[in-house]
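Okay, so here's the structure we're looking at.
The values are calculated or read from the model by the stated rules, or taken from the named source; none is laboratory data. None of the values given here were measured: they were computed from a predicted structure. Cβ placement follows ideal geometry from the backbone for every residue including glycine, while neighbour counts extend to all protein chains displayed. The area values use the complete protein model at the heavy-atom level, side chains included, leaving out ligands, DNA and RNA. Shrake-Rupley method; radii C 1.70, N 1.55, O 1.52, S 1.80 Å.
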Amino acid sequence: GGGHGQITKTLIQSGCDVTVLGSDSVCQQRIQHFIDKGQCQFKVGDILNLPFPDHSFDAVISYRLLAHVSQWQTYLTELARMTKQAVLIDYAEVYSFNYFEPYLFQYKKQIEGNTRTYTCFKKSDLLPIFHKGGLVYADDYRQFFLPMVLHRKLNKVALSTIAENISQSLGLTRLMGSPVILKMVRE
């Protein structure tokens, strides 16, 4: 699910051999310049039946996708199948401002316009799926305390940074931050 290219450049600059999967060839538009330079590969495929053999990659990364996958158990099983060493995902945490999502989504939609519904998870929902795939919990990191919609609407990086630094120093982010980056490793 890397068609947006959110982390492609960073991975390339870190010296990683990067393969991006998209559901359609149109997904490669944002990363086409990396493909043209031979800095990464792009493959089209179904995220529920990934077109790669078992243990194809040292690490498999999926950000900003899980919350929109209806057959999430199958998806996580596929991610676990693909990795030799680690899977990194992010997920919308239930125990955060997302707890109020059912009541506030209509306002989020008014603010953002083109937003879509999403599923929230608890870590305890995800771990058993990875365990079946031979992966164990290694670490997690909660990214933001305040809802992302607020940061996007403010569009003031300095103000958002100050607010999130204060939240982090007060322990609020560790307690109720979301999304959460979860790292699972091969046993």
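Any residue in the stretch 151-158 that is hydrophobic (A, V, I, L, M, F, W, C), out of contact with any helix residue (DSSP H, G or I) (no Cβ under 9 Å at 6 or more places or on another chain) and either farther than 27 Å from residue 79 by Cβ or open to solvent by 60 Å² or more (accessible area, probe 1.4 Å) (or both)? Let's see the steps before the verdict.
Within the stretch 151-158, the subset hydrophobic (A, V, I, L, M, F, W, C) is 154, 157-158.
If we keep only those that are out of contact with any helix residue (DSSP H, G or I) (no Cβ under 9 Å at 6 or more places or on another chain) too, we end up with 158.
If we keep only those that are either farther than 27 Å from residue 79 by Cβ or open to solvent by 60 Å² or more (accessible area, probe 1.4 Å) (or both) as well, we get 158.
Yes, the stretch 151-158 contains at least one residue that is hydrophobic (A, V, I, L, M, F, W, C), out of contact with any helix residue (DSSP H, G or I) (no Cβ under 9 Å at 6 or more places or on another chain) and either farther than 27 Å from residue 79 by Cβ or open to solvent by 60 Å² or more (accessible area, probe 1.4 Å) (or both).
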- Item | Check on residue 151, at pLDDT 95 or above, part of a helix (DSSP H, G or I) and not polar (S, T, N, Q) | no
- Message: Which count do you get for residues in the stretch 39-65 that are crowded, with 18+ Cβ neighbours inside 10 Å and without any contact (Cβ under 8 Å) to a residue 12 or more places away in the chain?
- Response: 0
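Pull up the stretch 44-83, narrow it to residues that are among the acidic types (Asp, Glu) and farther than 17 Å from residue 132 by Cβ, then point me to the one that is modelled with the lowest pLDDT.
Looking at residues that are among the acidic types (Asp, Glu) and farther than 17 Å from residue 132 by Cβ, I get 46.
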- Query: Which condition breaks for residue 175 when tested against (1) under 29 Å from residue 59 (Cβ atoms); (2) open to solvent by 60 Å² or more (accessible area, probe 1.4 Å); (3) at pLDDT 95 or above?
  - Reply: (3)
- Given (1) aliphatic (A, V, I, L, M); (2) touching a Lys or Arg at 6+ places or on another chain (Cβ under 7 Å); (3) closer than 30 Å to residue 84 by Cα, residue 149 misses just (3)
- In the stretch 112-143, anything modelled with pLDDT of 90 or more, part of a loop (DSSP other than H, G, I, E, B) and open to solvent by 60 Å² or more (accessible area, probe 1.4 Å) is listed as 122
- Which helices (runs of 4 or more DSSP H) sit wholly inside the stretch 3-89 and have at least 1 residues that are closer than 25 Å to residue 125 by Cβ and among the hydroxyl-bearing types (Ser, Thr, Tyr)? 72-82
- Within the stretch 1-38, tally of residues that are hydroxyl-bearing (Ser, Thr, Tyr), open to solvent by 70 Å² or more (accessible area, probe 1.4 Å) and under 20 Å from residue 86 (Cα atoms): 2
